[in-house]
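The values are calculated or read from the model by the stated rules, or taken from the named source; none is laboratory data. Fair warning: this is a prediction, and the values are worked out from it, not measured in the lab. Every residue, glycine among them, receives a Cβ derived from its backbone with ideal geometry; neighbour counts consider all protein chains shown.
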Amino acid sequence: MFEEIRNQVLEQARLAETLGLCQSGGGNFSMIDRESGMVCMTPHDTDRFQMSWRDVLVTDLEGNVLEKGPGLKPTSEIEIHLAVYRAREDILAVAHTHAPYTSVFAGLSMEVKPVLTEAMTYYGRAPLAPFGTPSTPQLAENIVKTLGEKGVAAVMEKHGLITASPFGIWDAVRKNLYVEETAKAYFRMIQLVGIEHVPSIDMDELDRMTEMLGIR
């Protein structure tokens, strides 16, 4: 069931690890089939280069597991993914990572400011989602509130990064990578000139560029 979607989720989870967005088995990735309401999601703490697409879990929007590999269980952050899908019918995929530079800002309770034009790929906004204990409904609620009606990225306080996409898991991972690249540049700018001297791109200007270039 849902072989194509499960394959996509596994491939992009592997890519995220290869790109250094998370360590072995870290983070979690999912994609929803809106027609059926079923969600395909990476399982808890599993070597993604040893697992097959059949090990990618299939759940409903209430978290009931319909298919899974032998001995595997849902990620502890399953409620984050499901809460985003329930709140945002436009979203098709979610990627949660512990991207290293973004995690520095998460640890400092800071957002990632749009200091590069590449921030257009995630609409220039990576605000800070308030801390919530991992695996709790409070964490999921904080992320949903931070993303709001149109947001696609949030820095998870003391935790990591989450991105969402209306196009698919490939784009959720791509947005994750662009937030991380922006965070890396922001971090180095702070080292060079001090945080008070780092300018960010005006959000109105960024919105104009995004619209002009047709970025969605």
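Kindly indicate the residue of segment 138-162 that is basic (Lys, Arg) and at pLDDT 95 or above and also surrounded by the most Cβ atoms within 10 Å (Cβ to Cβ) among those meeting that condition. Show your work before the answer.
In the first step, residues of segment 138-162 are kept if they are basic (Lys, Arg); the result is 145, 150, 158.
When the remaining residues are screened for being at pLDDT 95 or above, the result is 145, 158.
Values: Lys145: 13, Lys158: 15.
Restricting to residues being basic (Lys, Arg) and at pLDDT 95 or above, the top hit is Lys158.
Within segment 84-124, take every residue that is in contact with a helix residue (DSSP H, G or I) (Cβ under 8 Å, 6 or more places away or on another chain) and of a type in the set (Lys, Arg) and give me the one that is farthest from His159 (Cα to Cα).
Arg88
Does Thr75 satisfy the criteria of being within 21 Å of Leu139 (Cα to Cα), among the polar types (S, T, N, Q), at pLDDT 95 or above and crowded, with 18+ Cβ neighbours inside 10 Å? First the steps, then the outcome.
Values: within 21 Å of Leu139 (Cα to Cα): yes; among the polar types (S, T, N, Q): yes; at pLDDT 95 or above: no; crowded, with 18+ Cβ neighbours inside 10 Å: yes.
No, not satisfied.
When segment 28-49 is examined, which residues are found to be within 27 Å of Ala99 (Cα to Cα), surrounded by fewer than 22 Cβ atoms within 10 Å (Cβ to Cβ) and hydroxyl-bearing (Ser, Thr, Tyr)?
Residue satisfying the conditions is Thr46 alone.
Please name all residue pairs, on different chains or six or more residues apart, with Cβ atoms under 7 Å, provided the first residue is in segment 161-187 and is over 13 Å from Ala95 (Cα atoms) and the second residue is surrounded by fewer than 24 Cβ atoms within 10 Å (Cβ to Cβ) and among the β-branched types (Val, Ile, Thr).
Short answer, once both residue conditions are applied: Thr182/Val115; Ala185/Val115; Tyr186/Val115; Tyr186/Val198; Phe187/Val104.
Run Ser52 past the list (1) surrounded by fewer than 18 Cβ atoms within 10 Å (Cβ to Cβ); (2) closer than 26 Å to Thr102 by Cβ; (3) of a type in the set (Gly, Ala, Ser) and report the number of the one that doesn't hold.
Every condition holds for Ser52 apart from (2).
Out of Glu180, Glu196, I need the residue that is assigned to a helix (DSSP H, G or I), surrounded by fewer than 17 Cβ atoms within 10 Å (Cβ to Cβ), of a type outside the set (Lys, Arg) and out of contact with any Gly (no Cβ under 8 Å at 6 or more places or on another chain). Which one?
Details: Glu180 fails: surrounded by fewer than 17 Cβ atoms within 10 Å (Cβ to Cβ).
Among Glu180, Glu196, only Glu196 is assigned to a helix (DSSP H, G or I), surrounded by fewer than 17 Cβ atoms within 10 Å (Cβ to Cβ), of a type outside the set (Lys, Arg) and out of contact with any Gly (no Cβ under 8 Å at 6 or more places or on another chain).
Please go through (1) closer than 30 Å to Met209 by Cα; (2) among the hydrophobic types (A, V, I, L, M, F, W, C); (3) touching a residue at least 60 places away in the same chain (Cβ under 8 Å); (4) buried (at least 21 other Cβ atoms within 10 Å of the Cβ) for Val104 and return the number of the only condition it doesn't satisfy.
(4)
Mind telling me which of the residues Cys40, Cys22 ends up being in contact with a helix residue (DSSP H, G or I) (Cβ under 9 Å, 6 or more places away or on another chain) and in contact (Cβ under 8 Å) with a residue 60 or more places away in the chain? Break it down into steps so the answer makes sense when it comes.
On the way: Cys40 fails: in contact (Cβ under 8 Å) with a residue 60 or more places away in the chain.
Being in contact with a helix residue (DSSP H, G or I) (Cβ under 9 Å, 6 or more places away or on another chain) and in contact (Cβ under 8 Å) with a residue 60 or more places away in the chain holds for just one of Cys40, Cys22, which is Cys22.
Quick one: which of Phe131, Phe167 is surrounded by fewer than 24 Cβ atoms within 10 Å (Cβ to Cβ), aromatic (Phe, Trp, Tyr) and more than 23 Å from Lys184 (Cα to Cα)? So that I can check it myself, show each step before the final result.
Numbers: Phe131 fails: more than 23 Å from Lys184 (Cα to Cα).
Checking each option against the conditions leaves just Phe167.
Yes/no matrix, rows are residues, columns are (1) under 22 Å from Ile143 (Cα atoms); (2) among the β-branched types (Val, Ile, Thr); (3) at pLDDT 95 or above; (4) in contact with a Gly (Cβ under 9 Å, 6 or more places away or on another chain):
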residue	(1), (2), (3), (4)
Leu10	no, no, yes, no
Glu17	no, no, yes, yes
Met41	yes, no, yes, no
Thr46	no, yes, no, yes
Asp60	yes, no, yes, yes
Asn64	yes, no, yes, no
Ala93	yes, no, yes, yes
Ala99	yes, no, yes, yes
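Check off (1) of a type in the set (Phe, Trp, Tyr); (2) farther than 23 Å from Ser165 by Cβ; (3) under 14 Å from the mean Cα position of the chain (by Cα) for Tyr85 and give me the number that stays unchecked.
For Tyr85, the exception is condition (2).
Filter segment 19-72 for residues that are farther than 23 Å from Arg88 by Cβ and either in contact with a Cys (Cβ under 7 Å, 6 or more places away or on another chain) or of a type in the set (Val, Ile, Thr) (or both) and give the result.
Across segment 19-72, the qualifying residue is only Thr46.
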